[in-house]
Amino acid sequence: MNVRLLLYLGILIIGGFFGYKDYGGKRLDSKLGTIQTICLLFLLFIMGLRMGLDEKVISSFFELGFQALVISIFTITFSVLLVKLVKGFVLKNIHQGEQKNEL
């Protein structure tokens, strides 16, 4: 497990280094969103496949589904509220900073 975590972190650091040094270029940069979407869809497909093959998940689907629904609702609600709060705070500070610069 620890080796896998180190592998993930290593890949993340290498990707960050390549992005920082701009090794991808403009051509890759313009297609990065599409590549990310394809990889995300593939990951979701694999996750669904693994869940479908696991008998424990299928047998406890309704219990897990309800818990997942509750967790998702709370996560989305508090994420939106926190973003609105932080956005309002940041925009207020930016607006105050612009007023100070005008004086």
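Results for (1) of a type in the set (Ser, Thr, Tyr); (2) surrounded by 10 or more Cβ atoms within 10 Å (Cβ to Cβ); (3) in a helix (DSSP H, G or I); (4) out of contact with any Cys (no Cβ under 7 Å at 6 or more places or on another chain), shown as yes or no for each residue.
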site	(1), (2), (3), (4)
Gly15	no, yes, yes, yes
Arg27	no, no, yes, yes
Thr34	yes, no, yes, yes
Phe42	no, yes, yes, yes
Met47	no, yes, yes, yes
Ile58	no, yes, yes, yes
Ala68	no, yes, yes, yes
Ser72	yes, yes, yes, yes
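What about Val57, is it more than 21 Å from the chain's Cα centre (by Cα) and at pLDDT 90 or above? Against the criterion (more than 21 Å from the chain's Cα centre (by Cα) and at pLDDT 90 or above), Val57 does not qualify.
The values are calculated or read from the model by the stated rules, or taken from the named source; none is laboratory data. Just so you know, these numbers come straight off a predicted model, no measurement behind them. Methodologically, a virtual Cβ is constructed for each residue, glycine included, from the backbone with ideal geometry; neighbour enumeration extends over all protein chains shown.
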